[in-house]
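Below is one structure, written out as C-alpha cells, with a few remarks after it.
Every number in this text was worked out from the coordinates using simple rules, so none of it is lab data. In this text the structure is predicted, and so the values were computed from the model without any measurement. Don't worry about glycine lacking a Cβ; one is built from the backbone with ideal geometry, like all the others, and counts go over all protein chains shown.
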Amino acid sequence: MRVAVLGCGVVGTQVVRLLTTQADDLAARVGAPLQLVGVAVRDTSVERDPVVDPALLTADAEGLVTRADVVVEVMGGIEPARGLILRAIEHGAAVVTANKALLAQDGPTLYAAADAAGVDLYFEAAVAGAIPIVRPVRESLVGDRIRRVLGIVNGTTNYVLDKMATEGLDLEQAVKEAQALGYAEADPTADVEGYDAAAKAAILASLAFHTRVSLDDVDREGITALTADDVAWAARTGHVLKLLAIAERGEAEDGTPGVQVRVHPALVPASHPLAGVRGAFNAVFVEAEAAGELMFYGRGAGGAPTASAVLGDVVSVARHRVLGGRGPVESSYADLPVLPAEAARTRYQMRLDVVDRPGVLAQVAAVLAEHGVSIEAVRQTPVGDDALENALAAGEIARLVITTHAATERALRGTVESIEGLDVVRRVISVLRVEGA
Ligand code: NDP
Ligand code: HSE
C-alpha cells in the first residue's frame, strides 16, 4: 500500500515518524505493508527531523499524489491542498486530511469527488486533534438522534481563558504565554477570533445532523472582547468562561425544524464536565436522545496527538482497500435549514450598573418582561474592586447580575438595547450566554 504524505511540519513529521517506527504493527493491522513513497514540502533544502528520509522529500506534490494508494494531506490551507486532494481522488487514491479549514469551506466538493471515484475521504484529525469524535458521531451514534453538541475545540483559547481564570492574567498576557508554548500561532487570529473553532463546528454539525453546514453558516464570536473582569465575575457566580462550539437542533419562528451552529464565549456552570477541561485540552460533549450525555476528552492539537488520529484514518482506509470497498461516508439526507443566530435559544447573564433608588429594579424587570425574557435570578452584588467602588459603597450605584431563563438571541438583543436606553442604567457591563445548564 503506497502512502504519500503532503506536508512535513508539526503534524506531517509525526505522521512520518509513526509510519516509519510502527511499520510492522501497521502492516499487521492493515493486512499489507504501508510503504511511504514520498513526502511533499515547499522547500526540500530545509533540514528536517532525522526520522524523515531526505530521499523521500519532494517539491512535486502534483506528481506524488498520482503514485500513491493513500494520500495524507497535512499541509493545510485551501490551495494547493484542495487541488491536490481532488487530483489524488481522480487517480483513485484514498485521502486522509487534517485540514478543517478546507473541509469547512469546501467539504461538499471533496465528498462528491470521493463518492464519484468510490474512494474514502477521512478526516478524524480535523476536529479536536487526537480525540476520536468524527468516527463516533458518524458511525457509533448513527443509530441515535443527536440533539446537541457542545465543544471546547480550540486548545489555544482554552489555554488563554484558563490562564486568565487561574492566574488573573489579562488576555494579551495569556495569548503571549500561549505563543511562547507553541499553542498559538505568531498570528493568533484564527484561534482567538473563533475561526478555527467555527470550522470544526461546521464539520461536527454536518455529521451530527446529516446536513451540509459550511463555515459561512456558523455564527462566530471570538474571545477578544473578554476582560479579566468577565473571567473573575464568572467565577464569582459559579461559572467558568469557555469558548464553545455549539451545534443544536432548533426551530425557526414558524416552527420549521432546523439546526443552529455558533461559536462564542459562554459561562459554563462549574459543575458541568466541560468546566473541568483545563489548559490546552479539548472536549466535545454530545447530547443524544437514546445515549444521553457523552463526553470525549483529550489533546486537540500538537504533532503526535494529531498524528495519532491521522494514522487511525490511514489504517482504516488502507484496510478498506485491502478488503475492497470503502467505509461509511457523510450523509446530508436530512438537509435541515441552518437557522440564523437570532433563532438561537439560550440563557443569559447580564451585568449592569444602575442608580440605586426605589423602583429601578422594577423598571429593568419591566423591560425584560416586555421582550418576553423571563428572569431566573437577580443578584445585587457586593462591591468589587473596581473604580466604582466608592459610588457603590456610598449606595449611589448598584451592580445587578441578572440571569435569564432560555430566550432567543433576538429577544435578548432587543432587551439589552432597551435597557441601555433607561436613564437609571449607568452601563451594561457585559452580556454573556450561559450554556450547559
Ligand atoms: P505546518 O505549517 O507545521 O506544516 C505545513 C507543511 O506543509 C510544511 O512542511 C510545508 O512545507 C508544507 N507545505 C505547505 N504548503 C505547501 C505547498 N504549497 N507545497 C508543498 N508543501 C507545502 O502545519 P501543521 O503541521 O501544524 O498543520 C498541518 C495541517 O494539520 C493543517 O491543516 C492544520 O490545520 C491541521 N492540524 C494541525 C494541528 C496542530 O496541532 N498543528 C492539529 C490539528 C490539525 P515546508 O516545510 O517546506 O514549509
Ligand atoms: N490552533 C488549534 C488549537 C490547533 O489551538 O486548537 C488545532 O486545530
Alpha-carbon radius of gyration plus Dmax, which is the widest Cα pair, for the chain in Å:
24.3, 80
Can you give me the pair-distance distribution of the range 140-237, C-alpha pairs, 5 Å bins, whole percents?
2, 13, 20, 19, 15, 13, 10, 6, 2, 0
extent check for the range 81-167: Cα max minus min per principal axis, descending, whole Å, gives 53, 33, 19
Residue (of H320, N158, A366) at the positive-pole extreme of the chain, dipole from beta-carbon charges:
H320
Rounded to whole angstroms and listed largest first, the alpha-carbon spread of the range 1-119 along its three principal axes comes to 37, 34, 23
Which distance in Å, rounded to a whole number, links the C-alpha centroids of the range 55-100 and the range 309-367?
31
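Work through the residues other than R138 whose Cβ is under 11 Å from its Cβ and net out their charges, Lys, Arg +1 and Asp, Glu -1.
Overall, the nearby charge balance is -2.
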Residues in the range 15-59 reached by a label modelled at V322 [backbone nitrogen below 12 Å; 7 Å Cα→Cβ]:
24-35
Neighbour count of at most 15 Cβ within 10 Å plus DSSP loop: longest GluC sites (Glu not before Pro)-free window in the chain
48-184
Can you give the helix-only mean residue ellipticity at 222 nm for the chain, where every DSSP H stretch with n ≥ 4 adds -39500 (n - 2.57) and the sum goes over all residues, rounded to the nearest 500 deg cm²/dmol?
-10500 deg cm²/dmol
